[in-house]
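Only one structure is covered here, and it is reproduced in the block below.
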Amino acid sequence: MQISTRTRYGLRALLDISLHSSNRPVLLKEIVERQSVSKAYLEQLILSLQSAGLIRSIRGKKGGFLLAKPPTEIKMSEVIKTLERSFSFVECVDHQNICPRNDHCVAQMLWRRVTNLIRKELENITLDDLIRWEKEKIKHNE
């Protein structure tokens with residue numbers, strides 16, 4: 001399984017908003033500049049993140065984007081589920097009827113187990129963890 005640019009850039013946008021919104025909403029153009037992402041692509045990601053209730057927009061002259069809930073409540077599993085089409089190594093994990101061998105396929109059992117382990121781990125990692133890791137990384141590099 002490979003995580004798409006949609007998820008990678010969407011997660012970067014979430015992290016950017018959380019790191020730069022301490023005293024004001026973050027402007028779309030600021031995220032575009034800091035994350036080197038096209039404005040059109042970022043707008044699509046922002047819409048998905050808003051629809052999922054992860055961020056909210058503030059309109060007007062002092063508007064921009066803020067997290068819709070605390071970083072401790074934003075799980076990485078939720079972010080990936082919002083931005084990815086599927087979260088499985090192989091299609092038959094999510095769509096068991098796709099393959100006639102599914103009832104006796106040991107490989108499918110492996111992929112299901114690995115997928116479930118990763119999902120569980122992502123349930124335990126929050127945006128707050130990423131913020132902390134980012135700050136530790138910056139501190140370590142000083």
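The values are calculated or read from the model by the stated rules, or taken from the named source; none is laboratory data. Keep in mind the model is a prediction, meaning the values are calculated, not measured. FYI the Cβ positions are ideal-geometry reconstructions off the backbone, even for glycines, and counts take in every protein chain you see.
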Any chance you could count how many residues in the range 13-35 are closer than 18 Å to Glu84 by Cα and either among the small types (Gly, Ala, Ser) or loosely packed, with under 12 Cβ neighbours inside 10 Å (or both)?
-> 1
Could you please find all residues in the range 71-81 being at pLDDT 95 or above and either closer than 14 Å to Thr5 by Cα or over 15 Å from the mean Cα position of the chain (by Cα) (or both)?
-> Val79
If you check Leu47 against the conditions, is it of a type in the set (A, V, I, L, M), at pLDDT 95 or above, within 18 Å of the chain's Cα centre (by Cα) and farther than 29 Å from Glu136 by Cα?
-> yes
Those residues that are out of contact with any strand residue (DSSP E or B) (no Cβ under 9 Å at 6 or more places or on another chain), in a helix (DSSP H, G or I) and either basic (Lys, Arg) or within 12 Å of Leu14 (Cβ to Cβ) (or both), I need them from the range 36-62; list them, please.
-> Lys39, Leu42, Leu45, Ser48
Extreme residue, farthest from Asn124 (Cα to Cα), among residues of the range 36-81 that are β-branched (Val, Ile, Thr) and crowded, with 18+ Cβ neighbours inside 10 Å | Val37
What are the residues in the range 1-47 that are under 13 Å from Ala68 (Cβ atoms) and of a type in the set (Ser, Thr, Tyr), if any?
-> Ser18, Ser21
Could you run through the range 89-135 and say how many residues are surrounded by 11 or more Cβ atoms within 10 Å (Cβ to Cβ), modelled with pLDDT of 80 or more and outside any helix (DSSP H, G or I)?
-> 3
